Amino acid sequence: MTGRRRRTPVLAAHQHRSGTILIGIVVLGCAAAWAAQHALAASDYAHTSSRLSLVWVALFFAFMTQTLMYHLERPRKVSARQQRYLDSLHISILVPVYNEDPGYLRLGLESFLRQTRMPDSVHIVDDGSTSSDYTHIRTWWQQAARNAGLHTTWQRIPNAGKRHAQANAVDRSGDADIYITCDSDSCFAPNAVAEALAPFARPRVQSVAGIVIATNNHASLLARVTDLWFTTTQLVDRSGQSAVGAVMVNSGPLAAYRAGIIRDNLGSYLNETFMGRPVMFSDDSLLTLYAQERGLTVQQPSAVVFTAMPESWGHFSRMYLRWMRGSTIRSVWRMRYLSVARPAFWLHLLRWFQVFLVQMVTVWLVLVEPIAYTNLPPLSMLWVPFLIGWAQGLRYLSVIRSDERIRSRAVTWLLMPLAIVLAWTALRWLRWYGIATCARTGWGTRQNGAEVSLATAVGPQPLAAAMLADFPTARVRAVKLLDVDTETTLQTALPRR
């Protein structure tokens, strides 16, 4: 490259904490309470209030407690002395790869080279992919890592599952103090590693979860709604758990663990069974459970990672079913192994209490009241979940992305009623079906190749135009990222608002 060095736009994001978000949540929360009171007082329906008064009080108390808890979460900051300690740690990133889209794989690997705190080693394990051998990416990566002074290994092994791929990477990184696990489509924001390390300055912290947002949030309506739902869930449910050091599940695209958590439990991690069958999924929640047994599990809202969300209903439903089956299995293990002295134990019980309580209320209002008491709920009651959803969804607007304007995110926020309808219909059925079929422990996705490609992520954003390149692949869909000198890319986040 001659003349002026060209810069590649870098995906970056950060959370903006604003009092207006809190005010908005309080206002919409009050509006939801008014709508509920109005709905219960309407027509002849007021007497239902006495039958369900304890239920309404319990749900309102749970909602307000959750709201308070997730507003208590703060990104961890470190002193100069703590920073020296963190700088001394050996950080290894574990990257299992199976039938990944070449464009997303290279996008993620390049993000490692742009970190403000470089990892000490990156270990990539191709778990017997059938769609590609990634020769060109491997050649590029090994040269790029060498130029950056980054130790790396790349293995190709017979297909045995994600956990075994991670174990092979662990075997190559015996000096690690912290392991960062990620997916093969993870793209780290430039400060993701540095921010994920910060909570480890506190000795009791055993694992750290990052915030996951969609790379392809404009690829389809489903991807857009999923990004809204998933981001809000992390900044509401998981932020509340993090406030008391009891995050239940770390996300696969970005999680960090003290090395002993993985090394000491590797045998049980590789050989987990449920009802006599090997468990192939829910690896992140199992690692989080190991961490919970030793200390605090937290979320760092300033550590952001981009990942590919499903763009079709078939892909999404298989993924969601896997999550629900894994959640059911993990709930059994939490009840069995977590100490009652841990906040995570009681938060786990509270979550299931809320699930069953909401289910009972729904059945009562939709079936029991109309049939037993000829009492139809007023239509005004439909506003309650939408108002609460919009209130909590304001957390989504607190995430500022370098590749998207705030007005576009506001449009996505307005789609919250669609996400709520989806949650109350299709996802509710999938949840209970997943619970009933939790013994089916297969992975379920990416068996026939990547289901999402970087080329399809092209939308109104300029991201893909700068990132796509000509990877020689069977399909003309991968694009080339400019080979930019590592030193010049460490600070190339280009915010657009």
Within region 172-192, can one find any residue that is part of a helix (DSSP H, G or I) and within 18 Å of the chain's Cα centre (by Cα)? yes
Take the residues in region 323-382 that are surrounded by 13 or more Cβ atoms within 10 Å (Cβ to Cβ), at pLDDT below 85 and hydroxyl-bearing (Ser, Thr, Tyr); name whichever of them is farthest from Met64 (Cα to Cα). Tyr373
From the option list Arg440, Arg431, single residue qualifying as more than 22 Å from the chain's Cα centre (by Cα) and not assigned by TED's automatic domain parsing to the domain that holds Ala62 is Arg440
I need the full set of residues from region 107-140 which are touching an Asp or Glu at 6+ places or on another chain (Cβ under 9 Å), under 27 Å from Glu195 (Cα atoms) and either of a type in the set (A, V, I, L, M, F, W, C) or not assigned by TED's automatic domain parsing to the domain that holds Asp183 (or both), in order please. Leu107
Look through Ala198, Ala214, Ala160, Ala176 and report the one residue that is in contact with an Asp or Glu (Cβ under 8 Å, 6 or more places away or on another chain), hydrophobic (A, V, I, L, M, F, W, C) and closer than 29 Å to Asp227 by Cα. Ala214
Whether any residue in region 144-161 is closer than 23 Å to Gly442 by Cα and buried (at least 22 other Cβ atoms within 10 Å of the Cβ) is what I want to check. no
So which of Ser285, Ser302, Ser317 is part of a strand (DSSP E or B) and within 22 Å of Ser184 (Cα to Cα)? Ser302
Tabulated pairs, region 339-350, first more than 14 Å from Leu296 (Cα to Cα), second part of a helix (DSSP H, G or I) and of a type in the set (Gly, Ala, Ser), C-beta under 8 angstrom, 6+ apart or interchain: His348/Ser331; Leu350/Ala62
Going through region 276-307 one residue at a time, which ones are touching a helix residue (DSSP H, G or I) at 6+ places or on another chain (Cβ under 9 Å) and on the phi > 0 side of the Ramachandran plot? Ser282
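The values are calculated or read from the model by the stated rules, or taken from the named source; none is laboratory data. A quick note: this is a predicted structure, and the numbers were derived from the prediction, not measured. Neighbour counts run over all protein chains shown; Cβ positions are idealised from the backbone, glycine included.
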